[in-house]
1. Can you tell me which of (1) away from ligand 1 (no atom under 16 Å from the Cβ); (2) among the β-branched types (Val, Ile, Thr); (3) open to solvent by less than 10 Å² (accessible area, probe 1.4 Å); (4) not in a strand (DSSP E or B) is the one VAL160 doesn't meet?
2. Can you name the residue in the stretch 39-69 that is among the small types (Gly, Ala, Ser) and open to solvent by less than 50 Å² (accessible area, probe 1.4 Å) and, of all such residues, is farthest from ligand 2 (Cβ to nearest atom)?
3. Which one of ASP216, ASP232, ASP243 is within 16 Å of ligand 2 (Cβ to nearest atom), at pLDDT 95 or above and either open to solvent by 10 Å² or more (accessible area, probe 1.4 Å) or among the hydrophobic types (A, V, I, L, M, F, W, C) (or both)?
4. Taking interchain pairs and intrachain pairs at least six residues apart, which have beta carbon atoms under 6 angstrom, with the first residue in the stretch 278-290 and under 21 Å from LYS255 (Cα atoms) and among the acidic types (Asp, Glu) and the second open to solvent by less than 20 Å² (accessible area, probe 1.4 Å) and in a helix (DSSP H, G or I)?
5. Please go through the stretch 246-262 and pick out each residue that is open to solvent by less than 60 Å² (accessible area, probe 1.4 Å) and more than 16 Å from ligand 1 (Cβ to nearest atom).
6. Is it true that some residue in the stretch 2-11 is within 16 Å of ligand 1 (Cβ to nearest atom), closer than 17 Å to GLY122 by Cα and over 17 Å from the mean Cα position of the chain (by Cα)?
7. Take the stretch 28-52 and flag every residue that is closer than 20 Å to ILE76 by Cα and either in a loop (DSSP other than H, G, I, E, B) or away from ligand 1 (no atom under 13 Å from the Cβ) (or both).
8. Let me spell it out: the conditions are (1) more than 14 Å from ligand 2 (Cβ to nearest atom); (2) part of a loop (DSSP other than H, G, I, E, B); (3) in contact with a helix residue (DSSP H, G or I) (Cβ under 7 Å, 6 or more places away or on another chain); (4) open to solvent by less than 20 Å² (accessible area, probe 1.4 Å), and TRP225 meets all of them except one. Which number is the exception?
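The values are calculated or read from the model by the stated rules, or taken from the named source; none is laboratory data. From a predicted model like this one, the values you see are computed outputs, not experimental measurements. Glycine also receives a Cβ, built like all others from the backbone with ideal geometry; neighbour counts cover every protein chain displayed. Please note that ligands, DNA and RNA were not included when accessible areas were found on the heavy atoms of the full protein model with its side chains. Shrake-Rupley method; radii C 1.70, N 1.55, O 1.52, S 1.80 Å.
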Amino acid sequence: MKHFIDLADIKAAEFLDLLDLAVLLKQNQHTTASQRLAGKTLGMIFAKSSTRTRVSFEVGMYQLGGQALFLSTQDIQLGRGETIADTARVMSRFLDGIMIRTFSHQDVLDLARYGSVPVINGLTDLMHPCQALADLLTVKECFSSLKGLKMAYFGDGNNVAHSLLQAGAKTGMHLAVATPGQYACSKSIVAAASEEAEKNGGSISITEDPLEAAKDADVLYTDTWVSMGQEDEKAARIKIFGDYQVNERLMALAKSHAIFLHCLPAYRGLEVSEAVIDGPASRIFDQAENRLHAQKAVLVRLMES
Ligand code: CP
Ligand code: NVA
């Protein structure tokens, strides 16, 4: 594993190893023996806002004995037109790894192509692999094993849904994704994930019907209807996604032990009802915490000498 950009490039065994390492690092969070990146520096480029990603990577590097640099594109020359290629080459002379959150997925691929240090995708319009790793860590903690569980996703078939499909496919889970037709997941990502899921004893089903997806689910998952960069479409999206809200009616179709997940930030009363997100099935804060542990596993595998 050279980079952590697209889960399609990570083998199932590597992904499962990251989950195991994350569990171990979580258990040893405050021991000095876990300072496996002493003297290393991670650069964190942000072209979009962040709470969880920024704080968890910064704290994660600190706990591993290294340090992190917050680099907003509003401040660095990348935001004034310096190329990704030059940025990658220069940063590779200073840093041991780069995490980037941006709009275009291609920019992340280019950063990896022109640089010589590991690149981590901290979210693009297309994917959010760090989130999916933390999500499956959370599910694993709740149910002990992932194989055979049904996870249902509701709402926009974009970055979070894509990475969730790719991740679930590696673990033998059954993924059901319910989105409005025009906001369906990428066909090529679904096709590749379906193939991978089948190999691992799982499955992927795509529907426009949220009730069908919720039926007998072990995990119900949603994300904002208005992703970063789509703010102008907010009013239209709220109308289109109305039927995909995760509420008590939808939860009632799932298994009685079902849990609710959300990558956050959440908008109560839109993609999820207050009763569900603040209710007994919600595991959102464990899920947010697990960003730290999951990403520390990624950092160790990519940056440890
Ligand atoms: N879930 C997530 O990536 O949160 P932030 O946008 O706060 O980083
Ligand atoms: N889909 C959301 C995820 C935020 C973590 C967005 O891209 O804004």
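1. (1)
2. Ranking the candidates gives GLY65 first.
3. Matching residue, one of ASP216, ASP232, ASP243: ASP232.
4. Pairs found: ASP286/THR138.
5. Matches in the stretch 246-262: VAL246, ASN247, LEU250, MET251, ALA254, ALA258, ILE259.
6. No, the stretch 2-11 contains no residue that is within 16 Å of ligand 1 (Cβ to nearest atom), closer than 17 Å to GLY122 by Cα and over 17 Å from the mean Cα position of the chain (by Cα).
7. THR41, LEU42, GLY43, ILE45, ALA47, LYS48, SER49, SER50, THR51
8. All conditions are met except number (1).
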